[in-house]
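The values are calculated or read from the model by the stated rules, or taken from the named source; none is laboratory data. Predicted, not measured: the structure shown is a model, and the values here were computed from it. All Cβ positions, even for glycine, are placed from backbone atoms using ideal geometry, and neighbour counts span all protein chains on display. Note: accessible area is taken over every heavy atom of the protein model, side chains too, but ligands, DNA and RNA are not part of it. Shrake-Rupley method; radii C 1.70, N 1.55, O 1.52, S 1.80 Å.
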Amino acid sequence: MRVTEGQVEIAVPEQSGEGVGDEVFFNPVQELNRDLTVAVLRALRDRVMDGGRTPTYLDATAASGIRGVRAAADGWDVTCCDVDSEAVALCRSNLARNDCEGEVVRRDASALMHERGFDVVDVDPFGTPIPFADAAVRSAGRLCCVTATDTAPLCGAHFESGVRRYSAVPRNTEYHAEMGVRVLCSALVRTAARYDVAATPVLSHATNHYARTYLRLESGARAADARINELGSVDHCEHCLYRETTPGLLADPLDACPRCGEGIQTAGPVWLGRTCDPEFVAAVRERVSADMGTADRARDLCERLAGELATPTHYDQHRLCKRWGVGARAMDDFLDALRAAGHDASRTHYGGTTFKTDADVDEIRAATVE
Ligand SMILES: C[S@@+](CC[C@H](N)C(=O)[O-])C[C@H]1O[C@@H](n2cnc3c(N)ncnc32)[C@H](O)[C@@H]1O
Ligand SMILES: [Zn+2]
């Protein structure tokens, strides 16, 4: 079947089931992910790169090559890589179909990335990206783009596999999607730091059933140390939703909730720093173009991301109101009430009734329940 995305048209096999067949993989639901990637590449090139030479982009796990073809059509010097011979053939024909130049390699992506550097490396594999992480942070000169579709391990719903894959303790809290983003960022920041590379998340989102993060990379032990200092733990009480964060790799978990005395769950090391750079996200938003199928959603997502407070956890108004046995309010009224009581408050992209605030649970209730 033919698929048009952005400026390109590609051919992909009909997908049987949910991408579980033998054919080369293509998921139309990830169009938002790919549209944002193109806008991120534009923002990076315009803002950060000198323009002296054509920047290089590796589509490391390319499948149909849709990411690589879109980047090539946008003026990048593209390499598509896949281990699967049918995928490699499809990448070639999809580049040619769009009159795009590009190198196509049948190779294990990690082997290629250990050998060669690219300005931008994009790892969009099945499930966890961790098997590619070491090679990716060594290969990428400027930016490493990473998708993880194993959200259950990431957010602690599949606890043991989360611990194994991410060398972190994830906890399945009410803010599980944010937990997943922060566990993913933590693992990638620690991976980069091993090579004296500082990885800084400049745009991250949890959408549908995946987490996606874009990390700016910079060489230097001191900068890498600074990123490590943004890791820490989250103590969370599922009983009353009390939470507190502690910087540092050595967790010193609370024995009991200081608010209600119940047990505490501790997650870490998680990334406690910003998961987005609001200025970069604003620049990405400006570069979402009308030819993108998800242009409105992509712009809305960027707006939401740029406006999110930097707190490492969030709340859900509906869940709080249910606990309190009170009716929910319109989100804007709810946030205005928090602000009127002197607190910072923002919506989040994690859900329509989610919000971030510097207020604690009691302060939220005092400010919003009449
Ligand atoms: C989820 S698909 C990629 C989807 C694609 N990026 C897109 O946006 O449509 C993952 C691809 O990774 C490939 N793959 C799996 N292991 C690999 C490896 N070690 N090196 C390179 N490619 C690999 C698979 O053959 C598959 O085509
Ligand atoms: Zn408690």
Q) If you line up the Cα atoms of the chain on their principal axes, what length do they span on each, largest first, in Å? A) 63, 43, 40
Q. Comparing Asp252, Asp74, Asp196, which has the greatest mean-square fluctuation in the GNM of the chain with Cα pairs linked when under 10 Å apart?
A. Asp252
Q) What is the spin-label model distance, in nm, from His209 to Ala96 if the labels are put 7 Å beyond Cα along the C-beta direction? A) 3.5
Q) What helices does the chain have that are whole DSSP H segments, at least 15 Å long along their own axis by Cα, and with mean Kyte-Doolittle hydropathy of 0.5 or more? A) 176-193
(Q) Is the C-alpha gyration tensor of the range 194-247 telling us rounded, prolate or oblate? Criteria: a/c under 1.5 is rounded; beyond that, a/b larger than b/c is prolate, otherwise oblate. (A) oblate
(Q) How are the alpha carbon pair distances in the range 227-370 distributed across 5 Å bins from zero to the largest one, expressed in percent? (A) 2, 9, 15, 17, 18, 16, 12, 6, 3, 1, 0
Q: Name the residue, out of Tyr195, Tyr350, Tyr57, whose mean-square fluctuation peaks in a Gaussian network model built on the chain with Cα pairs under 10 Å.
A: Tyr195
Q: Run the accessible area of the chain with a 1.4 Å probe and give the carbon-and-sulfur part as a rounded percent.
A: 46
Q) Rounded to the nearest 5, what % of the DSSP beta bridges within the range 2-307 are antiparallel ones? A) 65
Q: Would you mind getting the accessible area per residue of the chain, heavy atoms of the protein chains only, 1.4 Å probe, in Å²?
A: 42
Q. Taking the Cα-to-Cβ direction at Asp196 and at Val163 and moving 7 Å from each Cα, how far apart do the two end points lie in nm?
A. 3.4
**Q.** Length-normalised contact order of the range 2-307 in % [C-alpha pairs under 8 Å, at least 6 apart]
**A.** 15
